[in-house]
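Before any comments, here is the structure.
The values are calculated or read from the model by the stated rules, or taken from the named source; none is laboratory data. Bear in mind the structure is a predicted one, so any value in this text is a computation, not a measurement. Positions of Cβ are backbone-derived with ideal geometry, glycine not excepted, and every protein chain shown enters the neighbour counts.
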Amino acid sequence: MTTKPIDLLIYNIGTLLTLQGSNGPRKGAEMSELSPITGGAVAIQGERIFAVGTEEDVRAQIAGMTIIQSIDARGQLVTPGLVDPHTHLVHGGSREHELALKLQGASYLEILAQGGGILSTVRATRTATEFELYQKAKRSLDIMLKYGVTTVESKSGYGLTLEDELKQLRVTQRLHETHPVDLVSTFMGAHMVPEEYKGRSDEYVQLLINEMLPAVKQQGLAEFCDVFCEHGVFSVEQSERILSAARDLGFGLKIHADEIEPMGGANLAGKLGCISAEHLLAASDEGLRSMQQAGVIAVCLPATSFNLRLKNHARARTMIEMELPVALSTDYNPGSSPTESMQLVMTLACLNLEMIPEEVLTAITINAAHAIGRADEIGSLEVGKLADLVMYNANNLAYLPYHFGINHVNTVIKRGNIVVSDGHFFSK
Ligand code: IZC
Ligand code: ZN
């Protein structure tokens with residue numbers, strides 16, 4: 001029997017942050033433990049990690065095996081591929097006209113109540129063809145990949161009719177099949193009450209429960225269900241009805257909770273045992289405790305609070321002190337967070353949420369992977385996991401959030417393939 005070769009060896013890694021050895025999502029002080037290796041190497045076979053450790057150890061483990069290709073990391077930093085666990089990736093149009101409204105003092109919820117905001121993106125998404133939606137989302141995914149992101153969660157929620165939601169979800173599925181970045185799909189028909197149901201939100205909730213959720217499930221187009229539980233959108237009681245129905249159908253549960261107004265969304269996340277709750281700027285201590293006890297992951301979105309010019313931020317320090325696992329995400333969407341950059345999120349998490357760089361990396365790798373149910377495959381560099389990793393033009397972690405607003409990524413490996421090299425797309 002001939003032994004299979006090593007397809008790719010990355011050696012001479014100055015700082016290799018593996019995040020290996022996690023037992024569930026990292027919380028409290030564990031969030032700053034990255035299981036670093038100085039002078040490391042990673043050996044890849046097919047799409048998986050064959051060996052990871054010090055270069056000496058890895059070379060001993062692969063002694064005698066053929067090495068097809070090698071990359072000299074020249075002493076630079078290597079991390080797991082970044083995971084963006086909360087995006088509204090697939091949509092039509094853009095909303096730059098809201099910038100002027102915002103500068104004139106209009107708030108996000110005021111713009112929405114006047115029929116703009118999400119509703120203007122719903123109009124643009126309904127009129128777009130599937131191909132147009134695909135092309136636009138692909139451009140964003142390309143940027144994410146160049147910025148080091150190898151897995152992305154993507155929510156529907158700009159269709160708000162069964163057909164238009166299915167259209168968005170089919171685009172997500174096709175992107176997953178055709179783009180190097182892996183996608184995880186979430187149904188968010190409960191993103192807003194559509195204009196044709198204005199004043200009849202309970203009827204729309206019934207449509208979601210009786211028709212949309214079962215159809216999405218039957219077509220296998222989404223793994224999670226998310227609800228925008230917010231003043232003027234869906235109440236806590238409506239959110240509970242929708243999420244309970246989704247749970248009965250076998251969806252994993254997510255909730256946009258306590259972003260702007262304190263609604264009790266965090267408490268509901270704990271009560272229902274959601275996999276994650278998002279935003280949480282206005283969450284009460286009691287709500288956060290309920291999440292902690294139920295094992296819900298807190299997904300904080302500092303680019304959103306920055307872009308909405310909110311005075312407050314998610315209380316990441318409190319969350320970490322109370323052993324609530326924290327993940328971070330762009331919330332990429334055309335309204336409250338028009339950015340694909342997880343590296344910008346790293347900076348904002350340090351400066352506005354007062355997280356240290358080590359906690360931030362945990363929050364965008366292993367904890368983000370847990371928030372989308374993928375921690376058995378991605379989020380850390382361990383033997384047997386997918387070979388998703390990023391090499392930077394930097395030799396230490398703190399340099400990334402410190403030198404902000406630019407892209408530090410040099411090389412991206414996705415499922416064992418070099419997909420970005422020297423900052424550019426690469427194909428063999
Ligand atoms: O289009 O404004 N917050 N949903 C909840 C969004 C932001 C997306 C949008
Ligand atoms: Zn969102």
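Taking the stretch 244-261, which residues are within 16 Å of ligand 1 (Cβ to nearest atom) and farther than 20 Å from residue 183 by Cβ?
Listed by number, the residues that qualify are 255, 257, 258, 259, 260, 261.
Cβ-Cβ contacts under 6 Å between residues 6 or more apart (or on different chains), taken from a first residue in the stretch 133-152 that is assigned by TED's automatic domain parsing to the domain that holds residue 172 and assigned to a strand (DSSP E or B) to a second residue that is among the basic types (Lys, Arg) and at pLDDT 95 or above, are listed as 150/414. Scanning the stretch 285-299 for residues that are among the small types (Gly, Ala, Ser) and under 13 Å from residue 318 (Cα atoms) yields 287, 298. Name every residue in the stretch 19-78 that is surrounded by fewer than 20 Cβ atoms within 10 Å (Cβ to Cβ) and at pLDDT below 95, in order of residue number. Across the stretch 19-78, the qualifying residues are 21, 23.
Do we find that residue 383 is under 21 Å from the mean Cα position of the chain (by Cα), modelled with pLDDT of 95 or more and more than 26 Å from residue 276 (Cα to Cα) in this structure? Spelling it out, it is not the case that residue 383 is under 21 Å from the mean Cα position of the chain (by Cα), modelled with pLDDT of 95 or more and more than 26 Å from residue 276 (Cα to Cα).
Looking across the stretch 114-128, the residues that are within 13 Å of ligand 1 (Cβ to nearest atom) and either within 30 Å of residue 378 (Cβ to Cβ) or among the hydrophobic types (A, V, I, L, M, F, W, C) (or both) come down to 118, 119, 121, 122, 124, 125.
Could you list, in sequence order, all residues of the stretch 243-273 that are part of a helix (DSSP H, G or I) and either surrounded by fewer than 24 Cβ atoms within 10 Å (Cβ to Cβ) or aromatic (Phe, Trp, Tyr) (or both)?
Those that are part of a helix (DSSP H, G or I) and either surrounded by fewer than 24 Cβ atoms within 10 Å (Cβ to Cβ) or aromatic (Phe, Trp, Tyr) (or both): 244, 245, 247, 248, 249, 267, 270, 271, 272.
Out of 90, 78, report the one residue that is within 16 Å of ligand 2 (Cβ to nearest atom) and within 20 Å of residue 151 (Cα to Cα).
None of the other options fit; the residue is 90.
For the stretch 321-342, the count of residues that are within 30 Å of residue 122 (Cα to Cα), hydroxyl-bearing (Ser, Thr, Tyr) and surrounded by fewer than 21 Cβ atoms within 10 Å (Cβ to Cβ) is nonzero.
When the residues of the stretch 108-119 are filtered to those that are more than 16 Å from ligand 2 (Cβ to nearest atom) and in contact (Cβ under 8 Å) with a residue 40 or more places away in the chain, the one that is surrounded by the fewest Cβ atoms within 10 Å (Cβ to Cβ) is 115. Selection of first residues in the stretch 321-345 that are away from ligand 1 (no atom under 16 Å from the Cβ) and of second residues that are assigned to a loop (DSSP other than H, G, I, E, B) and among the basic types (Lys, Arg), restricted to Cβ pairs under 7 Å at least 6 apart or on distinct chains, gives the following pairs, ordered by first then second residue: 323/27; 324/27; 325/26; 325/27.
Answer with yes or no whether residue 292 is among the polar types (S, T, N, Q) and either in a strand (DSSP E or B) or within 16 Å of ligand 1 (Cβ to nearest atom) (or both). Before you say what the answer is, go through the steps one by one.
On the way: among the polar types (S, T, N, Q): yes; either in a strand (DSSP E or B) or within 16 Å of ligand 1 (Cβ to nearest atom) (or both): no.
No; evaluated as a whole, the condition is false for this residue.
Would it be correct to say that residue 367 is under 13 Å from the mean Cα position of the chain (by Cα) and in a helix (DSSP H, G or I)? Yes. If I go through the stretch 404-418 residue by residue, how many of them are in a strand (DSSP E or B) and over 17 Å from residue 393 (Cβ atoms)? Going through the stretch 404-418 one residue at a time, the tally reaches 2.
Is it the case that the stretch 300-319 has a residue that's among the basic types (Lys, Arg), outside any helix (DSSP H, G or I), in the same structural domain as residue 215 (by TED's automatic domain parsing) and in contact with a helix residue (DSSP H, G or I) (Cβ under 8 Å, 6 or more places away or on another chain)?
Checked against the condition, which is being among the basic types (Lys, Arg), outside any helix (DSSP H, G or I), in the same structural domain as residue 215 (by TED's automatic domain parsing) and in contact with a helix residue (DSSP H, G or I) (Cβ under 8 Å, 6 or more places away or on another chain), the stretch 300-319 yields at least one hit.
Small (Gly, Ala, Ser) and within 15 Å of ligand 2 (Cβ to nearest atom): does that describe residue 276? Spelling it out, residue 276 is indeed small (Gly, Ala, Ser) and within 15 Å of ligand 2 (Cβ to nearest atom).
When residue 222 is tested against (1) of a type outside the set (D, E, K, R); (2) within 16 Å of ligand 2 (Cβ to nearest atom); (3) over 29 Å from residue 107 (Cα atoms); (4) part of a helix (DSSP H, G or I), just one condition goes unmet, and that condition is (4).
Residues in the stretch 202-238 that are small (Gly, Ala, Ser), free of Cβ contacts under 8 Å to residues at least 60 places away in the same chain and closer than 21 Å to residue 283 by Cα: 235 alone.
The numbered conditions (1) within 16 Å of ligand 2 (Cβ to nearest atom); (2) in a loop (DSSP other than H, G, I, E, B); (3) in contact with a Leu (Cβ under 9 Å, 6 or more places away or on another chain); (4) not β-branched (Val, Ile, Thr) are all true for residue 95 except (3).
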